[in-house]
1. One residue is enough: does segment C:469-478 have a residue meeting the conditions of a type in the set (S, T, N, Q), away from chain A (no Cβ under 14 Å) and in a helix (DSSP H, G or I)?
2. May I ask you to say which residue of C:Met283, C:Met219, C:Met257 is under 27 Å from B:Ser128 (Cβ atoms) and of a type in the set (A, V, I, L, M)?
3. Would you confirm whether any residue within segment C:65-72 is more than 16 Å from the chain's Cα centre (by Cα), open to solvent by less than 30 Å² (accessible area, probe 1.4 Å) and modelled with pLDDT under 95?
4. Inside segment B:254-275, can you point out the residues that are buried (at least 16 other Cβ atoms within 10 Å of the Cβ) and assigned to a helix (DSSP H, G or I)?
5. If you check B:Phe271 against the conditions, is it in contact (Cβ under 8 Å) with a residue 24 or more places away in the chain and under 19 Å from the mean Cα position of the chain (by Cα)?
6. For segment C:139-165, enumerate the residues that are within 12 Å of ligand 2 (Cβ to nearest atom), in contact (Cβ under 8 Å) with a residue 60 or more places away in the chain and either within 7 Å of another protein chain (Cβ to nearest Cβ) or open to solvent by 20 Å² or more (accessible area, probe 1.4 Å) (or both).
7. Which condition does C:Phe354 not pass, out of (1) facing another protein chain (nearest Cβ under 10 Å); (2) more than 16 Å from ligand 3 (Cβ to nearest atom); (3) not polar (S, T, N, Q), if it passes all the others?
Amino acid sequence: MASKSRGLAVGALTALMTWGAMAAAWAAESKINLPTPQSQVAREIYDLHILILWVCVGIFVVVFGTMFYSIWKHRKSVGHQPAHFHENTKLEVVWTIIPFMILVGMAIPSTKTILNMRDASNPDMTVKVTGYQWKWEYEYPAEGIRFLSTLSTPRDEIENRAQKGEHYLLEVDNPLVVPVGKKVRLLLTANDVIHSWWVPAFGIKQDAIPGYVKDAWFKAENPGVYRGVCAELCGKDHGFMPIVVEVKTQEEYDKWVLAQKSAKAAAVADANKTYTLDELKAKGETVYKTHCAACHQPDGKGLPPAFPALAGSKIATGDKAAHIDIVMNGKANTAMAAFGKQLSDVELAAVITYERNAFGNATGDVIQPADIKALRK
Amino acid sequence: MSEHQGGYYLPQPSGWPIVGSVALLLFASGMVLWANRLPGGWLVLAGLAVLFYMMFGWFGRVIEESESGKYNDQVDRSFRWGMTWFIFSEVMFFAAFFGALFYLRVLAVPWLGSGETGAMLWPGYTPSWPTAGPLGPSLAGVDTEVPPGSNQFSSMGAWGIPALNTLILLTSGLTVTIAHWGLKKNNRTQLVVWLFLTICLGLLFLGLQSYEYVHAYTRMGLTLGAGAYGATFFMLTGFHGLHVTIGTVMLIVIWLRALKGHFTPERHFAFEAVSWYWHFVDVVWLLLFVFVYAL
Amino acid sequence: MEATHAHEHGHAHPTGLMRWLTTTNHKDIGTLYLWFSFIMLLTGGVMALLIRAELFQPGLQVVEPEVFNSLTTLHGLIMVFGAIMPAFVGFANWQVPMMIGAPDMAFPRLNNWSFWLLPVAAVLLIGQFFVPGGAVAGGWTMYAPLFLQGGIANDMTIFAVHILGISSIMGAINIITTILNMRAPGMTLMKMPLFVWTWLITAYLLIAVMPVLAGAVTMLLTDRHFGTHFFNPAGGGDPVMFQHIFWFFGHPEVYIMILPAFGIISQIIPAFARKPLFGYASMVYATASIAILSFIVWAHHMFTVGMPTSAQLFFMYATMLIAVPTGVKVFNWVATMWRGSMTFETPMLFAIGFVSLFTIGGFTGLVCAITPVDIQIQDTYYVVAHFHYVLVSGALFAIFAGVYFWLPKWTGHMYDEKLGKLHFWLSAIFFNIAFFPMHFLGLAGMQRRVPDYNLQFADWNMVSSIGAFGFGLSQLIFLAVVLKAIKGGVKAEAKPWEGADSLEWTHLPSPAPYHSFETPPVLK
Ligand code: HEA
Ligand code: HEA
Ligand code: CUA
Ligand SMILES: [Cu+2]
């Protein structure tokens, strides 16, 4: 008997210790809790969650302690005779009021945090964020910078042909870049369906609603790279439109802004050039891979009937104007978006040229950036 | 509760419900195909035909049972509860569309034209009601025949046909009540005549409503595609019109039954159910008149 | 009157398939509902297992992302509208007339139709896998504008929802009328078993919100095909409006799925504690308060859409309030057990499992209700964990508990207690393995409705998938127990449970006769 219970105790202790060690290891990587807060708001949320968690655990222990005690003691098998009481007004009033008071206690700090997190006034800078199926666009109105941010994890990793990297599915080509310690106000909207911009470390999540602008803000405390995801189901590749925020020191941020501006100037010059078919095809292929292949597939065969093939498609081998039109203006009530707003003249010209001369389409047509420019009102 | 003693009428197994299920399957499949411009839209009509067949059969059976005295007071009470809560569910259906109207008019449209939303996405849009939204019916797109660019439409005034229709429905509420008094006094002529008048008023309402719709589409540029206003206008008045149609059909049925000598001054639940329904349709119209037309 | 009645019985009743197609008997229809529900549980469950198989490891292995989204969507729709709701209607059909001393439901033919609409809706939902464009993939919440994209399947969903709505509304009217008008003399409202009360209130929720859902999907239909702009900002509409209308339905809907469960548990605990239910009146008031509050909390599903701060605060406070009446219920159950004389047959085990695990789900619900915290966990696996605790270990466990509890009355045989207990323990353990880790995943940053994830989430997803398969397999035991009890077994007495005291136990033999009370029972 004694040895049995000692065995049990040792077993339990070992189990507890292993569990504790594992829990500690996991906690360091935040595998079981919110990630380490990197902003004031995130910290408030973190603490609020911990507080409520423990209150609930407390109530749970009291209520179910009572219940399991009763289950243990008031069994028929131990000969317990049933009592006959079936109400007690005083008790019932008490257990209505106490939970109510506990809730009031929870509501007060929650209200404070909400008021803080919703107060986007006096920002240091503003970035416009637009959600597309399935990428983000960032625009810095004051600096005149605008770029798209898409998933950069290679297809091979997703389809298990290559080793997955540490930031698998949480990496993008062009991250959002912001200075440290500045209140960044985001103006969010979407182009097609609802998306949601979420970076856990900053405690910010805001839906991007087509046709409406909603705001939210964050203030990063430390330089570094922070990752998040689109958190509203937005179609096929909802799981593949991550968010990466690079927080830089003011100095480095300023450098980055300068670099962006000169890149933009170069792009303007490009738009006025005339390209050869091969140049456009090469450029077009990269554009196609990042923006079109998700639906129309890298081989242009699409996923009919949801996503039509471009190989041999009437539009992609027929009238140029119709082709340019569907790419620039999209098609209402389908997943085909209006790319005129997202892509530059060069990119549009390149991708359309590419589509007309790839996957076995051989129209030989060349569309120049100037042709696109002419179509823009 | 003496009549309770085993007296609650329990019908035998019945094939009508399953016929109704088949009807709805046909109808739904047809609607799906038709809405997607695929062949097979005729299934809608087939579904409706089977549904009417089912209703004839099922309700015919109920009328037969009722006329042969199988229903006691308790059954009668069941029917009353049933009808009451059915009408309540209809009220909630309309509530969804009224809710949409209030939400769009009071919240969404002002949001669209103010703050960052207005400035960044819809510059130049001044929110107002009625509205077709920032881009208006021109974006109605592939599924309607609205001429692109026709951003102009006029809203439906309250004091022409709608006011007349209000008068008609209110009067019809009165006539159906007079018919009811006739039934209770066992004055069959009063019953039949005033019921007939009610039906005429219902048809008149529907006629005027159809005229108004045609006018809206052809002369006013007011279509389903006319943005928030057009959508709420037509869906609310359209579903109301559908209910008036159903109500009128039900009135015709009980009128025919009255002609055949059905109903007694004491027992005439079917009549009352129809008149409740008719009053419900009436009240919905009053709300429509105030919130859709007048305000 | 007597004569007519006897006459009706003189007719030969159809047999075989025709019996089930044409039946107007509340027990037959209840059986149909329950079997339908079980088949849907398997269908939705297989979809869940495909989801869990894809999520077993990072990377895409089993299905394409679009198909994954379809599986999630139809899993949700089928479980909610096909498995849980019909199961409770099945219970209502079997139990309500027996518990209030009525011969049958108030509208037997309508009752048949309410049921036979369900297979039609099921065809429209499951058939989607075979239409061009693939099945609906926008989530069971059908949010515009995503739902406006997509093909025929979306329209099939819309009509399926309409038909389910018609079925639920007719079912609810039937139940309300039965309860209000068919009670035996002396069965006052405040004497009704709690199960009947919870269903009465649930039925009111149903007729109040199903029409609203019908309205919402009708707007989707006209936006998709008839040129309206309810949800298109360019036409003055608002995509968020869909969410408001949907959740005005959706939140009461989740209580539609839990109130009858509360009712079942409130029958079972006193029966096995051999002690009357504690606080009967406060149970009734608590149920009513939950139902009423459920109409003013809907936007807690929309804390991240960017509504005005004042609205966020209002919906947070209102939502938190629901913890009070729900707490009253939990406390009452514990007080019922307190100083009872308990035994732990399978129904009681499931009831205790229900009370503990549902409460965990309730607590996580409360965590979601705290707006700032919800901002972090909205649309993550934390929410998935929350609602599976309230739906699986809540609603589904209560359904299991109820089936075990009433099987003797329904079949006339005792079920196999050993297998029943095995079913409970395996279910409870695997359930927690499957769903507890989802809290961690959600907190650590895994969003819901994705077929693939970062490596940091790999361990817990694997654990969860193993649990899910274990849980799924354990349900085969349930099937075996039920089939065994139908086939034969120890004959059940009229009142096999010592502490049970409602009419079906005290006034009817086991199995219960085809027509429950041909003459109303005499109540003291
Ligand atoms: C049976 C179904 C059911 C039930 C009963 C509940 C019950 C509750 N739910 Fe849940 N919920 C769902 C089903 C359900 N929910 C579903 C399906 C979703 C997701 C939908 C989707 O997006 O797909 C969801 C999502 C959901 C959200 C949105 C999360 C998000 O998307 O971000 C929220 C937020 O407030 C919430 C809150 C609550 C609360 C406060 C309760 C309360 O009713 C719980 C009350 C119970 C208790 C609190 C425990 C017992 C009480 C005590 C022991 C008393 C003492 C306690 C205290 C004082 C704390 N639920
Ligand atoms: C209403 C009740 C209900 C029930 C009972 C369940 C039951 C289960 N659900 Fe749930 N689920 C929802 C309602 C429900 N669910 C809803 C509303 C959503 C949201 C949808 C959305 O986002 O739109 C959701 C979403 C959802 C997700 C998230 C998907 C995503 O975000 O992409 C997951 C993931 O694990 C999941 C898993 C499961 C599992 C493993 C079960 C298990 O309990 C199932 C167990 C049952 C079986 C497995 C079947 C029985 C057994 C057999 C058929 C035998 C054969 C078995 C084997 C061969 C092993 N569900
Ligand atoms: Cu974008 Cu999800
Ligand atoms: Cu809710």
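The values are calculated or read from the model by the stated rules, or taken from the named source; none is laboratory data. Note that the coordinates shown come from a computational prediction; the quantities given were computed from them, not determined experimentally. No Cβ is skipped: glycine too gets one built from the backbone with ideal geometry, and neighbour counts run over all protein chains shown. Surface areas here come from the heavy atoms of the whole protein model, side chains and all, with no ligands, DNA or RNA. Shrake-Rupley method; radii C 1.70, N 1.55, O 1.52, S 1.80 Å.
1. First, the residues of segment C:469-478 that are of a type in the set (S, T, N, Q): C:474-475.
Add one more test, that the residue is away from chain A (no Cβ under 14 Å), and what stays is C:474-475.
Subsequent filtering for residues that are in a helix (DSSP H, G or I) retains C:474-475.
Yes, some residue in segment C:469-478 is of a type in the set (S, T, N, Q), away from chain A (no Cβ under 14 Å) and in a helix (DSSP H, G or I).
2. Step by step, each of C:Met283, C:Met219, C:Met257 is checked, and only C:Met219 is under 27 Å from B:Ser128 (Cβ atoms) and of a type in the set (A, V, I, L, M).
3. Yes, the conditions are met somewhere in segment C:65-72.
4. Across segment B:254-275, the qualifying residues are B:Ile254, B:Trp255, B:Arg257, B:Ala258, B:Phe269, B:Ala270, B:Phe271, B:Glu272, B:Ala273, B:Val274, B:Ser275.
5. In short, yes.
6. C:Gly139, C:Trp140, C:Tyr143
7. (1)
Each row is one residue, and each column tells you yes or no for (1) part of a helix (DSSP H, G or I); (2) in contact (Cβ under 8 Å) with a residue 40 or more places away in the chain; (3) of a type in the set (A, V, I, L, M, F, W, C).
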position: C:Met187; (1), (2), (3): no, yes, yes
position: C:Val196; (1), (2), (3): yes, yes, yes
position: C:Leu200; (1), (2), (3): yes, no, yes
position: C:Ile207; (1), (2), (3): yes, no, yes
position: C:Met210; (1), (2), (3): yes, yes, yes
position: C:Leu213; (1), (2), (3): yes, yes, yes
position: C:Val217; (1), (2), (3): yes, yes, yes
position: C:Asp223; (1), (2), (3): yes, yes, no
